[in-house]
Structures are given as structure tokens and as C-alpha cells.
Amino acid sequence: MIKFLGTPQLPGFSNMFPLIQGKTVLRHILSFSKYDSILEIRDDHNFQSLSQIISLYAQFANRGVRYETAYYYGTDFSHSAFPPFPYMIVTSQYALSLSGDYQNGLLYKDSETVNYLNQIFDALYEKTTPLLVPIQDLTSQLALNQKIMSCKSDSEILFQLVPCLVPFIQKIDIRKYLLDDMAQKEYFISAVTTYIQNLIHRHEQIHPLHFCSLNGIRRFLEKGVFDEFSTDFYRPLDKLDRKKVVQQFLKYAYIYDLRLLREDLGELSNGLKVYLSDSLGYIQFMGSDGNVIVLTLENPNFLSSFKDYFESMDEDLYYPKEEALILIQKLLNQY
């Protein structure tokens with residue numbers, strides 16, 4: 001167990017723990033800011049911190065390290081019992097108090113002092129709120145989808161370079177793609193069918209803001225996989241069914257405020273997806289081991305920050321909807 005009280009805003013933060021391997025728990029407390037105006041949100045310390053945390057989480061997930069994050073607002077309680085050294089790293093044998101710029105510190109190895117600092121950290125941790133809650137199995141992922149369907153929201157945002165295509169598999173037989181030894185196959189088929197029906201109905205009512213990219217659609221047409229799910233229980237779709245899915249996506253394009261990005265704005269291969277509603281959000285990505293990791297966000301401050309970021313995105317970054325639909329159809333015709 002390594003306990004860390006500190007900010008991810010400093011350069012090189014993601015490389016602070018390069019030697020940590022599996023069977024290690026890193027428990028991290030960080031502070032966030034409360035905002036009094038929309039102008040403060042646009043220069044968002046919280047958003048930048050969260051981006052760093054997600055990057056670090058992905059690194060640890062690939063190494064099998066359990067990374068637990070929790071937050072508090074800067075004014076809720078003191079950073080540390082030692083104001084000149086507001087940050088610290090504590091293990092069972094050692095403790096390190098750090099200055100605000102990480103350039104100075106005090107190293108402790110006296111057992112009584114180390115125990116005392118462990119107690120301080122644990123007391124602070126009790127007052128914090130979990131930041132990112134990982135969901136790493138199919139059952140939990142389906143449960144999250146059901147939770148989304150039950151929450152009330154007047155708006156939704158999807159950022160997914162490979163667009164959200166699962167709702168458009170109605171015209172294909174998904175059973176033939178599921179592996180023979182897949183656990184709870186019938187439950188999955190039933191759950192996904194219900195999910196699709198509910199999701200399309202919901203999107204027809206809300207008209208989500210949906211960001212994706214032409215290269216993302218091209219990747220689906222070439223690979224035939226859905227980044228929403230791990231590939232350990234299904235086979236890639238054949239070319240004919242890939243085209244059917246994209247054709248259905250075009251058919252239902254009217255239900256979205258579609259924003260086809262001119263540039264990818266990220267890696268296609270990591271399956272990054274950001275979902276935001278008025279009361280719930282999540283960030284999803286693919287680890288190097290092929291497993292999907294879903295991180296839930298339920299804090300209103302975060303949701304507001306994220307939504308403002310996407311809603312205020314420069315119009316020059318994406319095509320007008322009419323042009324976007326023409327480009328997608330031209331791409332589809334190539335296959």
C-alpha cells in the first residue's frame with residue numbers, strides 16, 4: 001500500500017511511480033477547486049487534473065496496479081498537518097513530506113512518525129469522495145448501462161472517435177458472433193436488445209451531442225469490433241454486417257446533434273469514450289490487455305466542467321452535419 005496526497009498538475013507527474021507493479025495499491029488523495037463563475041470553469045484546473053489521473057490510471061491498469069483515487073475541495077480541510085510541506089507519500093515503513101513544488105521534503109523512517117502520518121492520511125481519506133470507480137466486467141458494465149437509462153436528463157454528450165454503433169445492430173444476427181463458451185449468453189442477448197430499444201428511444205427524445213471522426217468509422221468498417229465491449233466474448237463482424245451497422249447509423253443520424261471531427265483529437269486504438277448527462281457521466285477506454293475499463297463520474301462539478309468543454313468546442317473542429325452525412329456515405333460506398 002502506497003498512500004499519496006498530492007496534485008497531478010506538475011510536469012512529469014505520470015512518471016513519478018514507474019516501478020510500481022502488480023499486487024500494489026496506490027491510494028491517492030487530490031484536491032479540486034469549486035467554481036463561482038463559468039469563466040473559471042473554462043480554465044479548468046479540475047479538468048486538467050482529471051486528464052492526468054486518467055492517463056496514470058491507464059498505465060497502472062496495464063501493469064495490474066490497483067489505483068484508488070479520492071478528492072476533496074481545497075477549502076474543505078487542510079492539505080496536511082504540516083503547512084510548509086502540504087503533500088506526502090506514506091508506506092508502512094517510510095513517509096515523505098513534500099513542498100508544494102515537490103522540490104523539497106522531509107523523509108521519515110521512525111516507526112512512530114510513520115504510523116502517525118498513516119493515521120493522518122487515513123483520517124483525511126475518510127473525509128474524501130471516491131473520484132473514479134472502475135468497472136471491469138461485462139455484468140457491471142450492463143448494470144451501468146441500465147443505470148444510465150433510468151436517470152433523468154435533458155441533455156447528453158457522447159465523445160467517441162469510433163461512434164456509438166451498438167444501438168444499430170438491429171439488422172444483424174448478433175448470436176452468430178458470440179463465442180460458443182460465452183457465459184450468460186442468453187441474458188446478454190436479452191439485455192443488449194432491451195438496452196438498444198431504450199437507448200434509441202431515449203436519444204430520439206434528447207438528441208445527444210455526438211462527437212466522432214471519419215477515421216473512427218473507417219476503423220469500424222475495417223476491424224468490425226465495438227470498442228464498448230471487450231473482444232473476449234465475440235468475433236469481429238463480417239464486412240456485410242459492418243456496412244449494415246453504419247447504414248443504420250446514417251438512418252438514425254437525425255436523432256443526434258452530430259459533430260464529425262475534422263481531426264481525430266486522440267488515439268483510435270484505445271477506444272476512448274466520454275459520456276455525460278445532467279446527473280451521471282463516465283469515461284471508458286481499452287487497456288493494452290484488451291479489457292474495457294469504465295470510470296464513473298457522478299460529481300456535478302465535474303459534469304458541468306466536462307459539458308462546458310464539449311459544448312463550447314470551436315465549430316472549425318468539426319464538419320457541418322449535412323457535409324458530415326455526405327462524407328460518411330462516401331466512405332461507406334468505398335466498402
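Checked against the criterion of being modelled with pLDDT of 90 or more and acidic (D, E), the candidates E267, E263 yield just one match: E263. Output the number of residues of region 306-333 satisfying the condition of being touching a strand residue (DSSP E or B) at 6+ places or on another chain (Cβ under 6 Å), basic (K, R) and more than 14 Å from L158 (Cα to Cα). Summing the residues that are touching a strand residue (DSSP E or B) at 6+ places or on another chain (Cβ under 6 Å), basic (K, R) and more than 14 Å from L158 (Cα to Cα) in region 306-333 gives 1.
Would you check if A191 is closer than 30 Å to N299 by Cα, in a helix (DSSP H, G or I) and either open to solvent by less than 40 Å² (accessible area, probe 1.4 Å) or in contact (Cβ under 8 Å) with a residue 60 or more places away in the chain (or both)?
Values: closer than 30 Å to N299 by Cα: yes; in a helix (DSSP H, G or I): yes; either open to solvent by less than 40 Å² (accessible area, probe 1.4 Å) or in contact (Cβ under 8 Å) with a residue 60 or more places away in the chain (or both): yes.
Yes, satisfied.
Considered as a group, the residues in region 87-116 that are at pLDDT 95 or above and either under 26 Å from N299 (Cβ atoms) or touching a Lys or Arg at 6+ places or on another chain (Cβ under 6 Å) (or both) include one that is least open to solvent (accessible area, probe 1.4 Å), and that residue is V90.
Go over the candidates P84, P130 one by one and state the one that is more than 30 Å from F233 (Cα to Cα) and in contact (Cβ under 8 Å) with a residue 60 or more places away in the chain. Even if it seems obvious, please write down each step before you answer.
Numbers: P84 fails: in contact (Cβ under 8 Å) with a residue 60 or more places away in the chain.
Exactly one residue qualifies, and that residue is P130.
In the set (1) at pLDDT 85 or above; (2) acidic (D, E); (3) in a loop (DSSP other than H, G, I, E, B), the condition left unmet by D76 is number (1). For region 285-295, the criterion of a residue being farther than 23 Å from I217 by Cα, at pLDDT below 85 and β-branched (V, I, T) is satisfied by no position. One residue alone among Q119, Q146 is over 16 Å from the mean Cα position of the chain (by Cα), closer than 30 Å to Y94 by Cα and open to solvent by 60 Å² or more (accessible area, probe 1.4 Å), and that residue is Q119.
Of the residues F233, F249, F220, F226, the single one that is farther than 23 Å from L138 by Cα and aromatic (F, W, Y) is F249. Taking H207 as the residue in question, decide whether it is open to solvent by 80 Å² or more (accessible area, probe 1.4 Å) and in contact with a strand residue (DSSP E or B) (Cβ under 7 Å, 6 or more places away or on another chain). Answer is yes for this residue.
The values are calculated or read from the model by the stated rules, or taken from the named source; none is laboratory data. Computed from a predicted structure; not experimentally measured. Cβ atoms come from the backbone with ideal geometry, glycine included; neighbour counts cover every protein chain shown. The area values use the complete protein model at the heavy-atom level, side chains included, leaving out ligands, DNA and RNA. Shrake-Rupley method; radii C 1.70, N 1.55, O 1.52, S 1.80 Å.
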